[in-house]
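What follows is a set of notes on a single structure, which appears directly below.
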Amino acid sequence: MNPQDNAESLGLTFTKQEPGYLALVVRSGNLLITSGHVSDIKGKLGAGLSVDEGKAAARECAVKILNSVWNAHGTLNGLRVLKVLGCVNSTLEFHEQHLVINGCSDLLHEIFGKDGDGYHARSALGFAQLPTGVAVEVEAIFEIKDA
């Protein structure tokens with residue numbers, strides 16, 4: 001199956017988005033660069049939220065990113081995931097940001113293949129606060145293959 005079919009088989013649906021104050025995705029050459037997409041889950045890892053809840057928040061971010069990329073490109077097919085930056089709202093004592101952002105990476109691996117186009121570079125960082133108190137914010141860069 002291709003990435004679009006993989007996403008749909010996981011129950012993901014994609015909807016048209018109206019342009020907002022800032023671009024959710026910009027294209028530069030053969031790259032699609034996303035803005036940060038935030039989770040609906042709010043809170044701080046290490047102060048009330050578990051790693052599993054954080055992973056769910058990171059997965060939410062990935063779903064939102066994929067919807068924005070679908071809007072920009074028209075399909076998930078023909079894309080390669082290059083880079084993911086995961087920002088985790090966490091206490092100073094929390095040190096498992098990488099496990100939280102696995103929620104995003106795992107979904108991208110399921111859709112694009114862990115050993116193929118979904119194999120990506122990644123950073124997972126802890127932040128003292130994120131906008132509106134969200135648990136996670138993620139941005140990503142995709143390559144349009146054969147562009």
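The values are calculated or read from the model by the stated rules, or taken from the named source; none is laboratory data. Quick caveat, the model's predicted, so the values are computed rather than measured. All Cβ positions, glycine included, derive from the backbone under ideal geometry; neighbour counts span all protein chains shown. For accessibility, only protein heavy atoms count, side chains too; no ligands or nucleic acids. Shrake-Rupley method; radii C 1.70, N 1.55, O 1.52, S 1.80 Å.
Scanning segment 43-62 for residues that are within 15 Å of the chain's Cα centre (by Cα) and either in contact (Cβ under 8 Å) with a residue 60 or more places away in the chain or open to solvent by less than 40 Å² (accessible area, probe 1.4 Å) (or both) yields Gly54, Ala57, Ala58, Glu60, Cys61, Ala62. Those strands (runs of 3 or more DSSP E) of segment 7-126 in which 1 or more residues are farther than 12 Å from Val138 by Cα and among the hydroxyl-bearing types (Ser, Thr, Tyr) occupy 25-28.
Scan segment 24-39 and tell me whether some residue there is β-branched (Val, Ile, Thr) and either at pLDDT below 95 or under 16 Å from Asn102 (Cβ atoms) (or both). Among the residues of segment 24-39, not one is β-branched (Val, Ile, Thr) and either at pLDDT below 95 or under 16 Å from Asn102 (Cβ atoms) (or both), which makes the answer no.
Looking at Asn30, Asn77, just one residue is open to solvent by 30 Å² or more (accessible area, probe 1.4 Å) and touching a Pro at 6+ places or on another chain (Cβ under 8 Å), and that residue is Asn77. Among the conditions (1) buried (at least 21 other Cβ atoms within 10 Å of the Cβ); (2) outside any helix (DSSP H, G or I); (3) aliphatic (A, V, I, L, M), Met1 misses just one, which is (1).
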